[in-house]
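Only one structure is covered here, and it is reproduced in the block below.
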Amino acid sequence: MSIYLHDIPLPDAKEHLKAALESAGLWCVLGEEIIQLYENAYGRVLSQAIWAKVSSPNYNASAMDGFAVHAENTSGGSPSKPIILAVDSFAKYVDTGDPLPEDCNAVIPIENVESLDKDGMSAKDIRRPEKIRIRAAVTPWTHVRFLGEDIVASQLVLPAGQVLRPEDLGAIAASGHTKIKVSRKPRIAIIPTGTELVPLGGEIKPGNIFEYNSIVMAAQIKIWGGEVTRFPITPDDINLISRQVLKAASNHDLILLNAGSSAGEEDFSAKVVEKLGRLIVHGVAIKPGHPVIIGMIICDTRQVPIIGVPGYPISSELVCKIFVEPLIAKWLGCRPSELPRKHAQLTRKIVSPSGDDEFIQVTVGMVGEKILATPLSRGAGIISTLVRADGFIILSRGIQGVEAGQDVIVHSYRSQADLEFTILAIGSHDITLDLLAQFLSDRNRRLTSANVGSLGGLLALRRGEAHFAGSHLLDPNSGEYNIPYIHKYLPDVPVWVVGFVGREQGLLIEKKNPKGIAGLNDLIRPDIIYVNRQKGAGTRILFDYHLALMGIVPQSITGYKDEEYTHLGVAAAIASGRADCGLGIAAAAQALDLDFIPLFKERYDLIVPKVHAQSELLAPLFDLLRNINFQREVASLPGYDVEPMGNIIVEV
């Protein structure tokens with residue numbers, strides 16, 4: 001019988017899955033197998049504890065190259081009253097690891113003895129003298145490794161559930177084992193569905209999407225300890241999908257049906273689960289990942305869990321972390337991994353639906369002693385957000401938002417060392433910042449940037465939230481770039497204004513200019529749709545400045561209120577047909593195969609607080625600005641001039 005549970009809280013969804021698996025006898029380790037210690041044991045999970053068969057070492061051993069002695073025979077030895085011992089009678093040469101002779105209880109390192117021949121002269125062979133002279137007494141058991149010093153026979157070496165590391169393999173071998181019992185890896189099937197999907201390498205047309213979710217999920221599953229089978233793309237046909245699900249159910253422990261799922265007519269995931277078994281959960285109150293489905297497939301006498309994973313990449317990645325990783329850990333008998341948590345200060349206000357647990361990807365950096373978290377795009381279909389993310393924060397149900405400056409807990413993908421070598425840039429977007437990040441990565445620095453516009457960047461510097469800001473703010477009164485705004489918004493923050501690039505701004509238009517756009521005067525035509533930059537962006541200020549010079553009223557431009565946060569966002573809006581033109585840089589036009597009408601030249605500077613400009617963290621950045629290879633790479637992009645790069649224009 002199907003259970004329709006729509007949009008239930010996340011804890012309830014987990015409990016329903018657990019109850020279904022317990023009922024089917026699947027809330028346990030699935031099985032075990034015996035493997036050779038030297039055959040792919042790394043990363044496997046012990047299903048039974050390891051108890052030592054032998055001690056390690058299994059004898060008293062010398063810990064140094066030297067001479068084994070009985071400590072009492074060295075009593076009274078001193079620099080002024082050395083003691084001479086006959087070799088073989090009262091001292092025996094041993095190498096590191098040799099058994100300690102029965103009548104000895106200490107070792108004198110070879111560098112602490114003087115080797116003598118029979119006449120008391122220095123011996124030629126320091127390792128085979130007839131006598132040795134020592135100038136210090138030794139205490140019993142000096143430089144000796146005792147029997148069982150490392151491992152004692154019968155002691156617990158490793159518990160069941162241990163995920164085996166390289167050092168664990170050494171301990172198992174040292175305790176006398178050659179074979180171990182490990183948990184069987186769960187077998188997981190991924191079935192991507194969708195008529196719009198195209199396999200990698202296939203021909204992509206409008207309406208088509210490359211299928212890559214299964215690649216991401218498969219990699220996750222392997223990291224978590226499972227075995228995975230990626231099925232071929234199945235079109236949106238309930239009978240075809242049902243056949244694939246039954247095929248997968250015959251020899252897999254879990255099925256991930258990757259498709260769009262909703263309450264609509266084409267909710268194939270729910271229909272397939274109802275047809276082949278029972279639907280347990282249909283919709284969970286999480287964002288992204290809302291339309292997840294959980295059910296059980298009946299295959300002969302077996303019950304096989306199935307999870308309908310949403311089609312958007314961020315949703316599918318999150319659903320796998322929430323439901324699949326803990327389930328694999330349960331089946332392996334180990335604890336699921338937990339990301340380290342860090343307290344951070346939020347740099348921008350975020351608003352969240354009150355009824356969902358929302359998972360928000362963030363970039364993270366350290367500015368001074370502060371750890372700062374900047375929210376990334378929250379679109380569920382944006383895979384690049386996952387690439388850029390340094391972690392995520394969770395806004396629990398009932399919390400409708402968090403103010404800028406508030407403390408949040410980041411589940412971090414990054415180590416503390418990563419954060420300490422991260423340069424955080426907030427401000428105006430420019431394509432060359434991506435190039436800068438690439439070059440900095442070779443210099444043990446990581447550049448992460450947030451695009452909030454030039455003015456937003458200055459405000460971030462005022463709040464101490466960035467190491468530098470990219471800015472190209474034109475002052476309409478003086479015609480000067482950036483400096484008047486620095487005086488206004490950063491009056492108490494000493495900064496360096498560092499030249500970066502000169503660049504061309506102009507109109508990005510469709511290829512071959514089908515609407516015959518020639519300049520800003522054409523934007524008031526009723527058939528022209530413009531896409532703008534956000535308020536506070538240097539490009540927006542430049543645009544408004546020239547509109548005022550020409551006497552053009554912004555409200556007369558269709559699309560003036562339609563905003564994008566980057567030059568590439570403007571280019572994408574035009575390439576997709578959403579707009580006819582927008583002001584931006586030539587490199588963005590080239591990137592999306594658009595035409596470009598050059599209009600203005602401007603200066604794009606880096607605004608760097610003095611406290612950071614003179615820091616070790618930013619030293620590679622300043623070296624790079626003077627690097628000829630980097631300058632050549634930037635100059636090769638259309639519309640850029642590197643003449644100002646690296647020059648300190650002014651200290652404010």
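Residues that are at pLDDT 90 or above and within 18 Å of the chain's Cα centre (by Cα) number at least 2 in the following helices (runs of 4 or more DSSP H) confined to region 304-419: 313-319.
Residue under question is ARG341, and the condition is that it be in contact (Cβ under 8 Å) with a residue 40 or more places away in the chain, under 28 Å from THR363 (Cα atoms) and not β-branched (Val, Ile, Thr); does it hold?
On the way: in contact (Cβ under 8 Å) with a residue 40 or more places away in the chain: yes; under 28 Å from THR363 (Cα atoms): yes; not β-branched (Val, Ile, Thr): yes.
Taking the combined requirement at face value, the residue satisfies it.
Scanning region 209-229 for residues that are more than 12 Å from PRO199 (Cα to Cα) and either touching a His at 6+ places or on another chain (Cβ under 8 Å) or of a type in the set (D, E, K, R) (or both) yields a count of 3.
Annotation: ILE574 fulfils all but one of (1) in a helix (DSSP H, G or I); (2) at pLDDT below 95; (3) not aromatic (Phe, Trp, Tyr); the unmet one is (2). For region 206-232, filtering for residues that are of a type outside the set (A, V, I, L, M) and more than 19 Å from ILE382 (Cα to Cα) leaves 9.
Picking from residues in region 444-490 that are without any contact (Cβ under 8 Å) to a residue 24 or more places away in the chain and part of a helix (DSSP H, G or I), the one that is nearest to LYS601 (Cα to Cα) is PRO484. Residues that are part of a helix (DSSP H, G or I) and among the aliphatic types (A, V, I, L, M) within region 175-225 comprise ILE215, VAL216, MET217, ALA218, ALA219, ILE221, ILE223, listed in sequence order.
Only one residue in VAL408, VAL367, VAL452 is closer than 30 Å to GLY311 by Cα, surrounded by 21 or more Cβ atoms within 10 Å (Cβ to Cβ) and of a type outside the set (S, T, N, Q), so which one is that? Full working, then the answer.
Values: VAL408 fails: surrounded by 21 or more Cβ atoms within 10 Å (Cβ to Cβ); VAL367 fails: closer than 30 Å to GLY311 by Cα.
Exactly one of VAL408, VAL367, VAL452 is closer than 30 Å to GLY311 by Cα, surrounded by 21 or more Cβ atoms within 10 Å (Cβ to Cβ) and of a type outside the set (S, T, N, Q), namely VAL452.
The listed residues are ILE255, ILE238, ILE204, ILE223, and the only one of them that is assigned by TED's automatic domain parsing to the domain that holds ARG302, over 30 Å from SER55 (Cα atoms), surrounded by 20 or more Cβ atoms within 10 Å (Cβ to Cβ) and among the hydrophobic types (A, V, I, L, M, F, W, C) turns out to be ILE255.
Strands (runs of 3 or more DSSP E) fully within region 1-118 that include at least 1 residues being more than 52 Å from the chain's Cα centre (by Cα) and aromatic (Phe, Trp, Tyr): 66-69, 91-94. The set of residues in region 525-543 being within 20 Å of ILE509 (Cα to Cα) and surrounded by fewer than 17 Cβ atoms within 10 Å (Cβ to Cβ) consists of ARG525, PRO526, ASP527. Hey, does region 114-126 have a residue that's touching a residue at least 40 places away in the same chain (Cβ under 8 Å) and either closer than 18 Å to SER62 by Cα or of a type in the set (A, V, I, L, M, F, W, C) (or both)? No, region 114-126 has no match at all. Tell me, which residue of region 129-138 that is in a loop (DSSP other than H, G, I, E, B) and touching a strand residue (DSSP E or B) at 6+ places or on another chain (Cβ under 7 Å) is farthest from GLY333 (Cα to Cα)? Among those that are in a loop (DSSP other than H, G, I, E, B) and touching a strand residue (DSSP E or B) at 6+ places or on another chain (Cβ under 7 Å), it is GLU130.
The values are calculated or read from the model by the stated rules, or taken from the named source; none is laboratory data. Note that the coordinates shown come from a computational prediction; the quantities given were computed from them, not determined experimentally. Cβ: placed from backbone, ideal geometry, glycine included. Neighbour counts: every protein chain shown.
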